[in-house]
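Okay, so here's the structure we're looking at.
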Amino acid sequence: QVQLVVPMSVVFCPGSVPGDLPRPLPFRDVQEMEISVNLRTSVTARYEMRYRRATGQEEAALAAPTAPEADAALHPLQDTTLGSLTMYVVPETSFLLPQGINVYVGKHRSALVRAGGSLAALQARLREVAQLMSFTAASIAAALSDRVPDGRLGPDARRNLKSSLGYEITFSLLNPDPKSHTVDWDIEGAVNRYVKPVLDKLSLVANFSVDSQILYYAVLGVTPRYDKESSSFLLSAHSLPHVINPVEARLGSSAASLYPVLNFLLYVPERSHSPLYIQDKDGAPVSTNAFHSPRWGGIMVYNVEAPASPHASLPLQVDVDMARVMEVFLAQLRLLFGLSREEVPPKFLLEGPGNEGLADWELDHLLWAHTVENIATVSTTLTSLAQLLDKIGNIVIKDDVASEVYRAVASVQSAVTELSLGHLHAAFQASKEAVTSSERAFFDPSLLHLLYFPDDQKFAIYIPLFLPMAVPILLSLAKIVRETRLRKKEPTKMD
């Protein structure tokens, strides 16, 4: 049984304190929510709220003219511990929040919440904000998707990447027609400028490696349909799944990889199929001219403008606009990690993550989900290992394998304990150590199932070998016994 504890500070600004508080400020309150996964597993979400008044420094920061400025000024005054949240309750008449907006969520681990009149209304609003910034029942169910019955999972539950100790990101430029196009892309500069800030922040979650390649004469494998009205070629939504397999055969990056590989492909259409546009399910053109595949990556089609003169010399020089391309790829990367901002509650305003590409609370959102998933993975791995050992009675357990199992059990118990104390970072690190130890034990070469045979298989193997030798030996023994008996029956001669 896992208990997720979220430490929360609720800070009241002057004029925002509800009149029906149960006791004078400061005081503590606890709210719990049960997340049922299956008949045997449930996760308890526990929000430990500490109510207090704003300090003089916080009041000065909240006097800023706009919410983003107030968020920036409040950041140095907050508790920056991973997993902790700070809610600033502002009066209902406050001009800090735009008209019609009740909640502003900043880049860090804080939010501005408009007072709801009564304490019950405020607590309902705070619970919504806390779930958005930490975890929801849907995000925990997605993390434990292997244990949740299929009927209860949402359509996007298995879209997110599984938790891993590392990921490999590969950017590929596909040029199927090098005779017509010479394509230049500054991938190194674009990775340093756009991707590196995001990966630096995600380095807490996992290790990342980035590489790039250019593939010539690599086609999509699907023939686009020509549209006379627009004088362009179209790829419909139902044909997109057939694009990936032919392309993946050329990539060759996942064959030798220990970790999941995220593929981001930039496809420059051949001259005979230009311009090429992607259609959605309704037949409308996709604005980004790109699509993503769950747990795999994304593909973007980059059209080249036709030369003004029909007699222009080939190949044409093409310089890729990396800002436009990376904007699409980073959005797809966020989708793969389950950080989509599509489902925002009404009257909520979320600040953009800026150059870092990831808000602090979004990082916490990932850590909560991955910690729970790691604990479930270790539980499954050790259970499978125990079942294997029960099945094979004569299996030999080496000391180093036993120590890995003990370490995995101790680490996963430590992770559960740290979660119940609200220490997200320590819990995540312990869950990573538990995954590493359990995988080492499970995949140890000495525990290979095929090294050990059941007794009936041993008899089946050895009887054909020893039976031909055993027949003459048994016949000789029978002859000796028979001769001995005959000798005993013969009367003894008397002189």
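Residues in segment 193-225 that are under 13 Å from PRO269 (Cα atoms) and of a type in the set (Gly, Ala, Ser): ALA218, GLY221.
Can ILE397 be described as assigned to a helix (DSSP H, G or I) and of a type in the set (Val, Ile, Thr)? Give the derivation first.
On the way: assigned to a helix (DSSP H, G or I): no; of a type in the set (Val, Ile, Thr): yes.
The answer is no for ILE397.
Scanning segment 346-381 for residues that are closer than 20 Å to VAL416 by Cβ and open to solvent by less than 30 Å² (accessible area, probe 1.4 Å) yields a count of 14.
When residues in segment 136-176 are screened for being modelled with pLDDT of 85 or more and either over 29 Å from LEU258 (Cα atoms) or open to solvent by 20 Å² or more (accessible area, probe 1.4 Å) (or both), 6 of them pass. Would you confirm, using the coordinates I've provided, whether LEU382 is closer than 28 Å to PHE135 by Cβ, at pLDDT 90 or above, touching a Lys or Arg at 6+ places or on another chain (Cβ under 7 Å) and part of a helix (DSSP H, G or I)? Judged against the criteria, LEU382 is not a match. Tell me yes or no: at least one residue of segment 10-29 is in contact with a Ser or Thr (Cβ under 8 Å, 6 or more places away or on another chain), assigned to a strand (DSSP E or B) and either farther than 21 Å from GLN78 by Cβ or of a type outside the set (A, V, I, L, M, F, W, C) (or both). No; the residues of segment 10-29 include none that is in contact with a Ser or Thr (Cβ under 8 Å, 6 or more places away or on another chain), assigned to a strand (DSSP E or B) and either farther than 21 Å from GLN78 by Cβ or of a type outside the set (A, V, I, L, M, F, W, C) (or both). If the condition is being in contact with a helix residue (DSSP H, G or I) (Cβ under 8 Å, 6 or more places away or on another chain) and among the aliphatic types (A, V, I, L, M), then segment 174-205 contributes LEU174, ILE187, ALA190, VAL195, VAL198, LEU202, LEU204, VAL205. Within segment 318-338, residues that are farther than 14 Å from ILE299 by Cα and at pLDDT below 90 sit with their Cβ atoms under 8 Å from residues that are among the small types (Gly, Ala, Ser) and in a helix (DSSP H, G or I), at 6+ positions apart or across chains, in these pairs: GLY338/SER139; GLY338/ALA142; GLY338/ALA369. Could you list, in sequence order, the residues of segment 30-58 that are in a strand (DSSP E or B) and hydroxyl-bearing (Ser, Thr, Tyr)? Across segment 30-58, the qualifying residues are SER36, SER42, THR44, TYR47, TYR51.
Table: residues versus (1) among the hydroxyl-bearing types (Ser, Thr, Tyr); (2) within 28 Å of GLU418 (Cα to Cα); (3) without any contact (Cβ under 8 Å) to a residue 12 or more places away in the chain.
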{"position": "SER9", "(1), (2), (3)": "yes, yes, no"}
{"position": "LEU25", "(1), (2), (3)": "no, no, no"}
{"position": "ILE35", "(1), (2), (3)": "no, yes, no"}
{"position": "ARG40", "(1), (2), (3)": "no, yes, yes"}
{"position": "ALA70", "(1), (2), (3)": "no, no, no"}
{"position": "PRO76", "(1), (2), (3)": "no, yes, yes"}
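Of these, ARG271, ARG225, which one is free of Cβ contacts under 8 Å to residues at least 60 places away in the same chain and open to solvent by 60 Å² or more (accessible area, probe 1.4 Å)?
Numbers: ARG271 fails: free of Cβ contacts under 8 Å to residues at least 60 places away in the same chain.
After ruling out the rest, the residue left standing is ARG225.
When the test is whether a residue is modelled with pLDDT of 85 or more and open to solvent by less than 70 Å² (accessible area, probe 1.4 Å), LEU251 does not pass it.
The values are calculated or read from the model by the stated rules, or taken from the named source; none is laboratory data. All values reported here derive from a predicted model rather than from experimental measurement. Note that we place each Cβ from the backbone using ideal geometry, even for glycine, and neighbour counts take in every protein chain shown. Note: areas computed on protein heavy atoms with side chains; ligands, DNA, RNA excluded. Shrake-Rupley method; radii C 1.70, N 1.55, O 1.52, S 1.80 Å.
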